[in-house]
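Some notes on the structure that comes next.
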Amino acid sequence: HAVDGVLGTGPGGFFEPGRLRFGEDLWASDLYQALMTLDGINNVCLNRFKRLGDRFPDQAASGRIALDGLEVAICDNDQTHPERGYFTLALHGGRKG
């Protein structure tokens, strides 16, 4: 739940509406930084980092999703609307909850 809060669209969340600007590239390092603020997080591994859709390549190696002009990065993480971005977590160690 803590990860959802840090990466979420609520107040203070990484994807809070208005936090990211038009044309601002999305950097994996910014996501790492946000996640590493959580207690108990010792490591973050990014397996895939890409725009939604088969026509877009994985950007995990470069760590950057480039955006143009009127584009804004969003990630609602709502399984009923995957077109608005989502993430999948694989947790190792620690306790659930």
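The values are calculated or read from the model by the stated rules, or taken from the named source; none is laboratory data. On a predicted model such as this, the values are computed, not experimentally measured, just so you know. Note that we place each Cβ from the backbone using ideal geometry, even for glycine, and neighbour counts take in every protein chain shown. Calculation scope for accessible area: heavy atoms of the full protein, side chains included, ligands and nucleic acids excluded. Shrake-Rupley method; radii C 1.70, N 1.55, O 1.52, S 1.80 Å.
Before moving on, here are some points about what is shown:
- For the chain, built as a Gaussian network whose Cα springs stay under 10 Å, the top-fluctuating residue of G85, G12, G40: G40
- For the chain, projected area of the alpha-carbon convex hull averaged over all directions, nm²: 6.8
- Computed in the context of the full set of protein chains, the accessible area of the chain at 1.4 Å probe radius has 51% of its extent on carbon or sulfur.
- In this simple spin-label model, placing a label point 7 Å from the Cα along the Cα-to-Cβ direction at both F22 and I74 gives a separation of 1.5 nm.
- Surface analysis of the range 1-93 yields an accessible area of 72 Å² per residue, using protein heavy atoms and a 1.4 Å probe.
- Net charge contributed by nearby residues that have their C-beta within less than 14 Å of G10 (K/R +1, D/E -1): -3
- Seen from D58, the other residues with C-beta closer than 9 Å to its C-beta sum to a net charge of +2, counting Lys and Arg as +1 and Asp and Glu as -1.
- Sequence-distant contacts, meaning Cα pairs under 8 Å at least 6 residues apart, place the relative contact order of the chain at 28 percent.
- Computed about its Cα centre, the charge dipole of the chain is approximately 260 debye, with only Lys, Arg, Asp and Glu carrying charge at their Cβ.
- Ellipticity at 222 nm from helices only: DSSP H runs of n ≥ 4 in the chain, each -39500 (n - 2.57), divided by the residue count, give -4000 deg cm²/dmol.
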